[in-house]
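Trainee: Here it is, the structure, as structure tokens.
We did not get these values from a lab; they are worked out from the coordinates using the rules stated. A quick note: this is a predicted structure, and the numbers were derived from the prediction, not measured. Note that each Cβ is placed from the backbone with ideal geometry, even for glycine, and that neighbours are counted across all protein chains shown.
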Amino acid sequence: MPNGRAITDIASCRNGFPVVGEAADNVLGRCKEYPMEIQGQALRKIFWGWYVVAGTFVIIGINYGARYCFGVFLKPLCEAMDWSRSVVSTAMSLAILFYGIGGIFAGRLLDRFAPRWIITSGAVLASLGFFLTRFVETPLQFYFAYGILVGLGSACLGVVVCNSSVGKWFIKKRGLAIGITTAGVGVGTLVFSLAAGMIVKAFDWQMGFSLLSVVVLVLCTGVSQVFMGRTHPEDYGLMPDGETATRGRAGQGSPCPNLPPAPSTRRLLRDARFWIIALCYFCAVLVEMAVFIHQVAYAEEYGIGRVAAASSLGIIGIASIVGRFFFGWLSDRIRDVKHAAFLGLAVMTAGMGILLFAKTLGLFYLYAFVFGFGYGSIGPMLPILMADRFGRRVLGTAYGLVTFFAVGLGGFVGPIFGGLVYDTFGSYLYAWRINFVVLIATTVLILLLKKGAPAERTD
């Protein structure tokens, strides 16, 4: 291997100190054990963290697009199986609950193992769940295939693994990097919702689930194996954000510090900041999922066609892409990232207010854009808040825990809540009004989040 400057920079940091002489040659020798793409990265001077961003963008897009198009299947499943909307929506609630449960374990595994193996395992499990869903005949079978298998599998493909992986590669550019990654949710929602709407209309809901199975298995496995080999840049002798290590004598200081031990789970759960973040995003995700699962059926009640109604999910996806970039960018440029989170929740609240009066296609699309832009803040802001308050070292564990409480439990309650309200009152308007009030309270609560001392000082 040539001894170019970029190569020696990779070898210049070992155990937090510059490495020179024979020791550096030994580190260079070990670089041969790393993937060829990493060696090539050293020569091209392209920080590998950006390839991780690209890979997670694709994986997140597929994962969330495949699940967030569930609303397209809601009425066809009810009509074909003669099930109520609350029965069908319970499957999505279970999927989100097990997504949250799986996120706890996925986050802890990410702090110890390479993300590609976690993602590959999740792709196999989720693909199996989608495939089995097409053969269900009873609600219990439906709950097992979609609720449990898809839920657990998607936890290994979701934001806990993907955003935490990206967050470990960046500090100064964390907001931008995570914003790009989470934009995959919007792109995936747009593509999959439109495709699912056309497939269900042209064929049936069984064909839709079969295609989801193939796409998840092939693409998520392939992308993770290529782009997501290891967890930390330090594993490759690199530094966060692609900064260049300064060579010198050992002990003279280095911009590549030792990472301190991660705080315990008990310590996280005793921190009031953790519970404020968890409660705020529990409420936000509850509203989000109640709307996502039921808005297509709601629009059809006012004479809006199924394909046109499904396209509103695409509009939310497009708007959320803009929102994810914007709020990620904003968080890198303000003193306290909680104010970016506040703005995102406020915009989401405004969108919910528009939905209360959205009985025409034009107003429905306006709601979708405003709500989608605000909803786009959830993806980047949740991991950014956790990293800002608790540090990079424990991001996987901390993010996994908060995902269970916020996304798992909030997402579990949301679809069931919407279905029960409709089955009880014959209208979704009561659910929308409650959602609006909940979002107002959540927007105020996030401002109470104290900065405090982070759990580590590497950031």
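Trainee: For Ile171, list long-range residues whose amide hydrogen, built 1.01 Å from N in the peptide plane, is under 5 Å from its own amide hydrogen.
Mentor: For Ile171, whose amide H was placed from the backbone, the distant partners under 5 Å are Asp241.
Trainee: If you don't mind, there's one more thing I want to ask. Taking Cα centroids, how far is region 273-297 from region 72-103 in Å?
Mentor: About 16 Å separates the Cα centre of region 273-297 from the one of region 72-103.
Trainee: Using the structure shown, select from Lys338/Lys451; Lys168/Lys450; Lys75/Lys201 the pairs with a Cα to Cα distance greater than 20 angstrom.
Mentor: Numbers: Lys338/Lys451 9 Å; Lys168/Lys450 23 Å; Lys75/Lys201 12 Å.
Too far apart for the 20 Å limit: Lys168/Lys450.
Trainee: Same structure again: Per residue of region 397-402, what does 6.51 cos²θ - 1.76 cosθ + 1.60 with θ = phi - 60° give for ³J(HN,Hα)? Whole Hz please, x for Gly and Pro, Karplus curve as stated.
Mentor: 5, 5, 5, x, 5, 5
Trainee: Over the C-alpha atoms of region 272-332, what are the Rg and the largest Cα-to-Cα span, Dmax, in Å?
Mentor: Every Cα atom of region 272-332 included, Rg and Dmax give 15.2, 47 Å.
Trainee: Still on this structure, please answer the following. Could I have the simple spin-label model distance between Val218 and Glu79, label points 7 Å from Cα toward Cβ, reported in nm to one decimal?
Mentor: Rounded to a tenth, the inter-label distance reads 2.9 nm.
Trainee: Read phi for every residue in region 49-66 and hand back ³J(HN,Hα) as whole Hz from Karplus 6.51 cos²θ - 1.76 cosθ + 1.60, θ = phi - 60°, with x for Gly and Pro.
Mentor: Karplus-based 3J(HN,Hα) across region 49-66 equals x, 6, 6, 4, 4, 4, x, 5, 4, 5, 5, 4, x, 5, 4, 6, x, 5 Hz.
Trainee: While we're looking at this one, here's another question. For a quick check: with amide H placed at 1.01 Å from N, whose amide H comes under 5 Å from Phe47's, ignoring anything fewer than 5 positions away on the same chain?
Mentor: The answer is none.
Trainee: Under 5 Å between amide hydrogens, which residues at least 5 positions from Gly229 or on another chain qualify, with H placed 1.01 Å from N in the peptide plane?
Mentor: none
Trainee: I need the phi-derived Karplus couplings for region 292-300: 6.51 cos²θ - 1.76 cosθ + 1.60, θ = phi - 60°, integer Hz, Gly and Pro marked x.
Mentor: Coupling constants for region 292-300: 4, 6, 10, 5, 5, 5, 4, 5, 5 Hz.
Trainee: Follow-up. Hey, rough spin-label estimate for Lys172 and Leu420, points 7 angstrom out along Cα→Cβ, what's it come to in nanometres?
Mentor: My value for the distance between the label points is 5.0 nm.
Trainee: Return the FRET efficiency for the residue pair Glu137, Lys201: r is the Cβ-Cβ distance, R0 is 30 Å, and the value is rounded to the nearest 0.05.
Mentor: Working: r = 23 Å, r/R0 = 0.78.
Approximately 0.80, to the nearest 0.05.
Trainee: Moving on to the next point. Which stretch or stretches of region 266-296 have amide N atoms under 16 Å from the point lying 7 Å from Leu448's Cα along the Cα→Cβ direction?
Mentor: Flagged as within label range: 271-284.
Trainee: Just the Cα atoms of region 65-121: what Rg and Dmax do they give in Å?
Mentor: 15.5, 46
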